[in-house]
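Written below as structure tokens is the structure these notes are about.
Just so you know, all these numbers are worked out from the coordinates, no wet-lab data involved. Just so you know, these numbers come straight off a predicted model, no measurement behind them. A quick note on method: Cβ atoms are made from the backbone with ideal geometry, for glycine too, and the neighbour counts reach across all protein chains shown.
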Amino acid sequence: MATESRCTIGDMNEASLLSTATSGETAAVDFLFIAHKEKLFPSVLRITRNHQDAEDAMQDSFLSAFLHLENFDGRSTFSTWLTRIGIHSAKVLRDIRDRHWRRRFSKLQNQLQL
């Protein structure tokens, strides 16, 4: 009697996970998220300097990465590619927040000068 061996998501290497995730397998996407979230968060937190903005940047990064997973060409590791997306997302959020506060401060200054 032969024993059937089944490969689970947790048994796959990263290249197989990426291929499976690209084909739409949500379990592979979930596994990649869990595997990379702890490394990505400190990187985006250093840029945003705010826990909530870092979470937003991380969510935006994963969404963007998984929507464009077919564009990942493997010249770098997935972790490096995801971190670059995360850094970009964090900088965009930080810049939006900074512009918002500069406008509010400028408006307040103008009101105080009246």
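Taking only DSSP H segments of four or more residues, each worth -39500 (n - 2.57), what value at 222 nm results for the chain once the sum is divided by all its residues, to the nearest 500 deg cm²/dmol?
Value at 222 nm, helices only: -26000 deg cm²/dmol.
For region 47-57, just list the computed ³J(HN,Hα) in residue order, Karplus coefficients 6.51, -1.76 and 1.60, θ = phi - 60°, integers in Hz, with x standing in for Gly and Pro.
Listing the rounded values in order: 7, 7, 6, 8, 4, 5, 5, 5, 5, 5, 5 Hz.
According to the square roots a ≥ b ≥ c of the eigenvalues of the Cα gyration tensor, what is the shape class of the chain, taking rounded for a/c under 1.5, prolate for a/b larger than b/c otherwise, and oblate for the remainder?
prolate
Hey, what do the phi angles of region 29-34 turn into as Karplus ³J(HN,Hα) couplings, whole Hz, using 6.51/-1.76/1.60 and θ = phi - 60°, x for Gly and Pro?
Per residue, the Karplus-derived 3J(HN,Hα) values read 4, 4, 5, 5, 4, 4 Hz.
Which peptide among 72-81, 51-60, 20-29 comes first, and what is the full order, when sorted by highest mean count of other Cβ atoms within 10 Å?
In descending order of packing, they fall as 51-60, 20-29, 72-81.
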